[in-house]
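J.: There's a structure below that I have some questions on.
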Amino acid sequence: MKLKVGILGATGAVGQKFVRLLENHPWFEISALAASSRSAGKAYHDAAHWIESTPIPIGISEMIVQEARPGLDCDFVFSGLDSSVAGDIESDFATAGYPVISNAKNFRMEADVPLIIPEVNPDHLILIERQKWEGGGYIVTNPNCATVGLTLALKPIEDAFGIEAVSVVTLQALSGAGYPGVSSLDSLGNVVPFISGEEDKLATEPLKLLGDVSEDGIADRSFPISAQCTRVPVMDGHLECVSVKLRRKGTAKQLEKVLRDFQSPDLVRDLPSSPEQAILVLDEEDGPQPRKHVLTGGGMTVTIGRIRPCEILDVKMVVLSHNTIRGAAGGAILNAELLASKGLIPHREELASSA
Ligand SMILES: NC(=O)c1ccc[n+]([C@@H]2O[C@H](COP(=O)([O-])OP(=O)(O)OC[C@H]3O[C@@H](n4cnc5c(N)ncnc54)[C@H](OP(=O)(O)O)[C@@H]3O)[C@@H](O)[C@H]2O)c1
């Protein structure tokens, strides 16, 4: 029996990506769609300004959007809620006993909330045990859309060499700003060198993701990350120019080998949304490029190229990841699959009958 999924923020850019990626999912089926009172009561096709490039899945199009309040008929919820409301609404669902798998920033850095990239830190899920919501639910988060690519690239480097410092300059896609996002007059033929709050997230979230977990919680890494974020007129795909200072000596060639050899943990490799390779090092000299590489591995693979010595730090490279798939809905679905594979998402009917 498939697990029943509710999507909070189902009408937004990330919500729509959930709807598309969950079509024909082997373990999950959508049973509830929720958004603001502006959308509640409408058929999904009327409430959502559909921006995906394939039609709304049959069976979803006519579903009635509900208010984002506990009581939804589902075993767990994905949240693609605007951060201005995600804090209260996600707390309400956790308090009502639902597992909440969130894309929003609100709980990511809370000490008892796992911030997860399954290939990087699946062991951090034990933090769930520290959460004390009244009704027994919990919240698990996935990182900011630019953090994911950076952290996946840093993970093998940290394991092999240790990291002393990172400098990153991002070129981030328009879809990262949701819909309607940045106006056409601000974005076309232009680069905007400011994304509110983004640089702080890039400077802090990787340190939690790469941290060590123990009974006392997470001990974050402490190396400095200097981030500069820009918005560029690209539809999908965040490109990041990254320089790394290593703690132990290593050449660009050695670092490239470490990235090429990276393997997902066994428990992640067999999950339905796990790509064949979490990291793909490209051979071409002019990659990665958003238009050519963003859908590698169904949008779940991080592509890396231009690995070479850095004249100031030690090694530099270019990293690309899909911001609404790996960086949002796809990453959250992989988190849910990891939770389900560990038996951490029960069917709510079973819960009710055992109570
Ligand atoms: N876009 C990305 O690449 C990306 C990546 C990672 C994380 N995120 C995060 O994911 C979340 C969603 O981003 P997005 O790009 O999909 O934004 P979006 O397109 O603006 O969608 C926001 C969603 O939140 C709902 N919402 C707004 N106010 C609400 C309220 N008072 N009650 C209930 N629902 C409400 C909206 O419903 P209505 O349509 O009814 O207004 C809509 O479904 C944000 O927290 C964002 O930071 C986005």
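Here, each number is a calculation from the coordinates, and none is a lab measurement. This is a predicted model, so every value here is computed, not measured. All Cβ positions, glycine included, derive from the backbone under ideal geometry; neighbour counts span all protein chains shown.
J.: Would you mind classifying the stretch 1-87 by shape? Square roots of the alpha carbon gyration tensor eigenvalues, ordered a ≥ b ≥ c; an a/c under 1.5 is rounded, otherwise it is prolate if a/b is larger than b/c and oblate if not.
T.: In terms of gyration-tensor shape, rounded.
J.: If you stretched the chain out fully between ASN190 and GLU62, how much longer would it get, using 0.36 nm times the residue separation minus the C-alpha to C-alpha distance?
T.: Roughly 42.2 nm would be gained on extension.
J.: A follow-up question, please. Between LEU280 and residues 5 or more places away or on another chain, which pairs have amide H atoms under 5 Å apart, with H built 1.01 Å from N, and which residues are they?
T.: It is VAL302, THR303, ILE304, by chain and number.
J.: Which ordering of GLU67, GLU311, GLU29 is given by a fewest-first count of other beta-carbon atoms within 10 Å?
T.: Least to most surrounded, the residues fall as GLU311, GLU67, GLU29.
J.: For the pair HIS347/GLU134, report the inter-label distance in nm, with labels modelled 7 Å from Cα in the Cβ direction.
T.: 2.8
J.: Then there is this: Output wanted: per-residue J couplings in Hz (rounded whole) for the stretch 129-134, from phi through Karplus 6.51 cos²θ - 1.76 cosθ + 1.60, θ = phi - 60°, x for Gly and Pro.
T.: 4, 7, 7, 10, 6, 3
J.: Could I ask something else about it? What list of ³J(HN,Hα) values in whole Hz, one per residue of the stretch 122-127 in order, does the Karplus curve 6.51 cos²θ - 1.76 cosθ + 1.60 (θ = phi - 60°) give from phi, with Gly and Pro shown as x?
T.: With the stated coefficients, the stretch 122-127 comes to x, 5, 5, 4, 5, 4 Hz.
J.: Can I ask one more? Which value, to two decimals, describes the C-alpha radius of gyration of the chain once divided by 2.2 N^0.38 Å?
T.: That ratio works out to 0.96.
J.: Take each complete run of DSSP H in the chain, measure how far its Cα atoms stretch along the helix's own axis, and keep only those covering 20 Å or more with mean Kyte-Doolittle hydropathy at least -1.0; list them.
T.: Helices passing the filter in the chain: 145-161.
J.: If you take the beta carbon distance between LYS292 and THR95 as r and set R0 to 35 Å, what does 1/(1 + (r/R0)^6) give as a FRET efficiency, to the nearest 0.05?
T.: 0.15
J.: Let me ask another. Could you pull out the trypsin sites (Lys or Arg not before Pro) across the stretch 1-110 that fall in loop regions by DSSP (anything but H, G, I, E, B) with no more than 10 other Cβ atoms inside 10 Å?
T.: ARG38
J.: With a/c under 1.5 counting as rounded, go ahead and sort the stretch 97-220 into rounded, prolate or oblate using the C-alpha gyration tensor (a ≥ b ≥ c being the square roots of the eigenvalues; past the cut-off, prolate if a/b is larger than b/c, else oblate).
T.: Verdict is oblate for the stretch 97-220.
J.: I need the shape label for the stretch 145-322. Rule: rounded when a/c is under 1.5, else prolate if a/b > b/c, else oblate, with a, b, c from the alpha carbon gyration tensor.
T.: The shape class here is rounded.
J.: Could you please rank SER264, SER184, SER196, SER175, placing first whichever residue has the fewest other Cβ atoms within 10 Å of its Cβ?
T.: Fewest-to-most Cβ neighbours within 10 Å comes out as SER196, SER184, SER264, SER175.
J.: Between the stretch 46-111 and the stretch 155-216, how many Å separate their Cα centres?
T.: If we compute the Cα centre of each part, the gap is 23 Å.
J.: To continue, here is another question. Quickly estimate the mean residue ellipticity at 222 nm for the chain, helices only: each DSSP H run with n ≥ 4 gives -39500 (n - 2.57), and the total goes over all residues, rounded to 500.
T.: Computed mean residue ellipticity for the chain: -7500 deg cm²/dmol.
J.: Based only on other Cβ atoms within 10 Å, what is the fewest-to-most ordering of ILE126, ILE60?
T.: Listing ILE126, ILE60 from fewest to most nearby Cβ atoms yields ILE126, ILE60.
J.: Test of understanding: what is the full-extension gain from GLU164 to MET1, defined as 0.36 nm times their sequence separation minus their Cα-Cα distance?
T.: 53.9 nm
J.: Please get the size of the charge dipole for the chain, origin at its Cα centre, with Cβ charges of +1 on Lys and Arg and -1 on Asp and Glu, quoted in debye to the nearest 20.
T.: 680
J.: Take the stretch 246-355, drop everything but the C-alpha atoms, weight them equally and run the Debye formula without solvent; then report log10 I(q)/I(0) at 0.13, 0.24 Å⁻¹ to two decimals.
T.: Values, matching the q order: -0.61, -1.24.
J.: Follow-up question, since we're still on this one. With a sphere of radius 12 Å drawn around the Cβ of PRO224, what net charge do the other residues whose Cβ falls strictly inside it have (Lys, Arg +1; Asp, Glu -1)?
T.: +1
J.: If you stretched the chain out fully between SER226 and ALA252, how much longer would it get, using 0.36 nm times the residue separation minus the C-alpha to C-alpha distance?
T.: 7.3 nm
J.: Please list 3J(HN,Hα) in residue order for the stretch 274-279, calculated via the Karplus relation 6.51 cos²θ - 1.76 cosθ + 1.60 where θ = phi - 60°; whole Hz, with x for glycine and proline.
T.: The phi angles translate into 6, x, 4, 10, 6, 10 Hz.
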